[in-house]
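Colleague: Next up is a structure, given as structure tokens.
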Amino acid sequence: MSSDPRARQLASIALAVSLLALALAGYAVYAQQRAEANLRRIGEELQRSLTPTLPMAPPPLGLDPDDT
């Protein structure tokens, strides 16, 4: 059973290209998840900064509401 050296070389190149494509796809998934986490964090920060805050303490008891 003799194998063609050109066929072996072509198969090796195809394997290398497919492994490179697999690595790039894995990196793309990682980068997409990281970007999604960053957008989620930015959205939470915007929501926190745009939400009106309630007063921390009630007005003093001696405050006259009809003081106009």
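Colleague: How large is the dipole of the chain about the Cα centre if only Lys and Arg carry +1 and Asp and Glu carry -1, each at its Cβ, rounded to the nearest 20 debye?
Modeller: Around 940 debye, computed over the chain.
Colleague: Right, another one. Would you kindly derive the ³J(HN,Hα) couplings of the stretch 40-48 from the backbone phi angles with the Karplus curve 6.51 cos²θ - 1.76 cosθ + 1.60 (θ = phi - 60°), listing them in order in whole Hz, with x for Gly and Pro?
Modeller: The phi angles translate into 5, 5, 5, x, 5, 5, 5, 5, 5 Hz.
Colleague: What list of ³J(HN,Hα) couplings, whole Hz, do you get for the stretch 28-37 from phi and the Karplus terms 6.51, -1.76, 1.60, once you set θ to phi - 60° and write x for glycine and proline?
Modeller: 5, 5, 4, 5, 5, 5, 5, 5, 5, 5
Colleague: For a quick check, take a GNM of the chain with Cα springs below 10 Å and name the residue from Ala16, Ala28, Ala57 with the largest mean-square fluctuation.
Modeller: The residue with the greatest mean-square fluctuation here is Ala57.
Colleague: Among Ala25, Gln9, Gly62, whose Cα lies farthest out toward the positive end of the dipole of the chain, if unit charges sit on the beta carbon of Lys, Arg (+1) and Asp, Glu (-1)?
Modeller: Checked the options; the winner is Gln9.
Colleague: In whole Hz and in residue order, list the ³J(HN,Hα) couplings for the stretch 9-21 that follow from phi through the Karplus curve 6.51 cos²θ - 1.76 cosθ + 1.60, θ = phi - 60°; x for Gly and Pro.
Modeller: With the stated coefficients, the stretch 9-21 comes to 5, 5, 5, 5, 5, 4, 5, 5, 5, 5, 5, 5, 5 Hz.
Values in this text are rule-based calculations from the coordinates and carry no lab data. Predicted model only: the values in this text are computed from it and were never measured. Please note: Cβ atoms are built from the backbone with ideal geometry, for glycine as well, and neighbour counts cover all protein chains shown.
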